[in-house]
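The values are calculated or read from the model by the stated rules, or taken from the named source; none is laboratory data. These numbers come from a predicted model, not from an experiment. No Cβ is skipped: glycine too gets one built from the backbone with ideal geometry, and neighbour counts run over all protein chains shown.
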């Protein structure tokens, strides 16, 4: 399978941190993943959250308009399913909270623990958001438990956060174009839970 895209989905950063060999199996070998009950449940929950947001929404604004409105009126606005593309990354952010002096990037996950891969994915959204919209405001990364809506992790987006993402993206592209050999994780617990363990 040949990779010829100019960008990759942000969620690939989570797979990369978990085990970069997953990327090789899916994108180079073409291994298909059969949707699990957990995956279907997650999709249904995300759809429900989007519907709830649409029912409560008072405005229909672009990101640029939301940034301007929060600055002028000193109010907080919340956007759902915000598309982003930048620094060879593309995706949709679950929620963005627009404040006068900062922006909070929220990703909903089924976990109650902030795994490193999930955090790297949030940083990826921050990188793409900053590149596309250039808000000129501090960004805050946030992980939220999808079902309870409880916050499980919050951290300011920093230079180090951005660097970790850009290095990850560079390595992923090298795996995809065949100039780098993907490495398997040596964490056996990850292997036991891996969605691709039968193909590895």
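Given the condition part of a loop (DSSP other than H, G, I, E, B) and at pLDDT below 95, answer yes or no: does some residue in the stretch 150-173 qualify?
No, the conditions are met nowhere in the stretch 150-173.
Any residue at all in the stretch 134-141 that is touching a residue at least 12 places away in the same chain (Cβ under 8 Å), assigned to a helix (DSSP H, G or I) and either more than 23 Å from residue 85 (Cβ to Cβ) or under 17 Å from the mean Cα position of the chain (by Cα) (or both)?
no
With respect to residue 107, determine if the residue is at pLDDT below 95 and under 22 Å from residue 8 (Cβ atoms).
Spelling it out, it is not the case that residue 107 is at pLDDT below 95 and under 22 Å from residue 8 (Cβ atoms).
For every residue, the table says whether it meets (1) crowded, with 16+ Cβ neighbours inside 10 Å; (2) within 28 Å of residue 196 (Cβ to Cβ); (3) modelled with pLDDT of 95 or more.
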site: 18; (1), (2), (3): yes, yes, yes
site: 29; (1), (2), (3): no, yes, no
site: 45; (1), (2), (3): no, yes, no
site: 70; (1), (2), (3): yes, no, yes
site: 74; (1), (2), (3): no, no, yes
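I'd like to check something: does the stretch 126-133 contain any residue that is without any contact (Cβ under 8 Å) to a residue 40 or more places away in the chain, assigned to a helix (DSSP H, G or I) and closer than 14 Å to residue 104 by Cα?
yes
Exactly one of these conditions fails for residue 184: (1) crowded, with 16+ Cβ neighbours inside 10 Å; (2) in contact with a helix residue (DSSP H, G or I) (Cβ under 6 Å, 6 or more places away or on another chain). Give me its number.
That leaves (1) as the condition not met.
Given the residues 97, 159, 87, which is the only one that is surrounded by fewer than 21 Cβ atoms within 10 Å (Cβ to Cβ), touching a residue at least 12 places away in the same chain (Cβ under 8 Å), over 21 Å from residue 19 (Cα atoms) and out of contact with any helix residue (DSSP H, G or I) (no Cβ under 9 Å at 6 or more places or on another chain)?
So the residue among 97, 159, 87 that is surrounded by fewer than 21 Cβ atoms within 10 Å (Cβ to Cβ), touching a residue at least 12 places away in the same chain (Cβ under 8 Å), over 21 Å from residue 19 (Cα atoms) and out of contact with any helix residue (DSSP H, G or I) (no Cβ under 9 Å at 6 or more places or on another chain) is 97.
If residue 121 satisfies all but one of (1) modelled with pLDDT of 95 or more; (2) surrounded by 14 or more Cβ atoms within 10 Å (Cβ to Cβ); (3) over 19 Å from residue 26 (Cβ atoms), what's the number of the condition it fails?
Condition not satisfied by residue 121: (3).
Restricting to the stretch 70-83, name every residue that is in a helix (DSSP H, G or I) and farther than 15 Å from residue 136 by Cβ.
Matches in the stretch 70-83: 73 only.
Looking at the stretch 18-63, which of its residues are within 19 Å of residue 93 (Cα to Cα), touching a residue at least 40 places away in the same chain (Cβ under 8 Å) and in contact with a helix residue (DSSP H, G or I) (Cβ under 7 Å, 6 or more places away or on another chain)?
Across the stretch 18-63, the qualifying residue is only 63.
Here's the yes/no breakdown for (1) closer than 24 Å to residue 172 by Cα; (2) modelled with pLDDT of 95 or more; (3) touching a strand residue (DSSP E or B) at 6+ places or on another chain (Cβ under 9 Å); (4) part of a loop (DSSP other than H, G, I, E, B):
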| position | (1), (2), (3), (4) |
| --- | --- |
| 6 | yes, no, no, yes |
| 38 | no, no, no, no |
| 55 | no, no, no, no |
| 85 | yes, yes, yes, no |
| 93 | yes, yes, yes, no |
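Can you pull out every residue in the stretch 142-156 that is surrounded by 15 or more Cβ atoms within 10 Å (Cβ to Cβ) and either out of contact with any strand residue (DSSP E or B) (no Cβ under 6 Å at 6 or more places or on another chain) or more than 16 Å from residue 84 (Cβ to Cβ) (or both)?
Hits for the stretch 142-156 are 143, 144, 145, 146, 152, 153.
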